[in-house]
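Down below is the structure, laid out as structure tokens.
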Amino acid sequence: IEEGYTIQLISSKREVDINDSQFKAYRGKVRLVMGNGAWGYKYCYGTYRTKEEAKSDLSTIRKDFKDAFVVRFKGDKIAKS
């Protein structure tokens, strides 16, 4: 989908390989979504049409990424909620 919601796992000041070991079981399933600021590289999992759909997977993902949260995206960029 072109716009919707995704779960942000981590953010970084520099680009990280989506197959990096820090992504654990999500390696290869992570996508880069660009944001603003110094920590502009946002690494996200999943695409969801609604915020509620994304939230349903959040508790599982937080077992590996305790600070994960739902963000809105449009194309390959973070969008304002």
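Listed here are the residues, each with its yes/no results for (1) in a loop (DSSP other than H, G, I, E, B); (2) over 10 Å from the mean Cα position of the chain (by Cα).
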| position | (1), (2) |
| --- | --- |
| 22 | no, yes |
| 37 | yes, yes |
| 57 | no, yes |
| 63 | yes, yes |
| 72 | no, no |
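Taken together, the criteria exclude residue 30 from residues that are in contact with a helix residue (DSSP H, G or I) (Cβ under 8 Å, 6 or more places away or on another chain), farther than 17 Å from residue 61 by Cα and modelled with pLDDT of 95 or more. Can you tell me how many residues within region 28-49 are more than 13 Å from residue 10 (Cα to Cα) and open to solvent by 60 Å² or more (accessible area, probe 1.4 Å)? Residues flagged as more than 13 Å from residue 10 (Cα to Cα) and open to solvent by 60 Å² or more (accessible area, probe 1.4 Å) within region 28-49 amount to 6. Residue check: residue 52 meets all listed conditions (1) surrounded by fewer than 14 Cβ atoms within 10 Å (Cβ to Cβ); (2) at pLDDT 95 or above; (3) in a loop (DSSP other than H, G, I, E, B) but one, namely (3). Here residue 64 meets the list (1) open to solvent by 80 Å² or more (accessible area, probe 1.4 Å); (2) of a type in the set (D, E, K, R); (3) touching a helix residue (DSSP H, G or I) at 6+ places or on another chain (Cβ under 7 Å) almost entirely, failing just condition (1). What's the number of the only condition in (1) in contact (Cβ under 8 Å) with a residue 24 or more places away in the chain; (2) surrounded by fewer than 12 Cβ atoms within 10 Å (Cβ to Cβ) that residue 57 fails to meet? So residue 57 meets the others, but not (2).
Tell me whether region 69-77 contains one or more residues that are under 15 Å from residue 10 (Cβ atoms), in contact with a strand residue (DSSP E or B) (Cβ under 8 Å, 6 or more places away or on another chain) and open to solvent by 30 Å² or more (accessible area, probe 1.4 Å). Yes, the conditions are met somewhere in region 69-77.
The values are calculated or read from the model by the stated rules, or taken from the named source; none is laboratory data. The shown structure was predicted, so the numbers you read here are calculated from the model rather than taken from an experiment. Positions of Cβ are backbone-derived with ideal geometry, glycine not excepted, and every protein chain shown enters the neighbour counts. All accessible areas refer to the heavy atoms of the entire protein, side chains included, with ligands and DNA or RNA removed. Shrake-Rupley method; radii C 1.70, N 1.55, O 1.52, S 1.80 Å.
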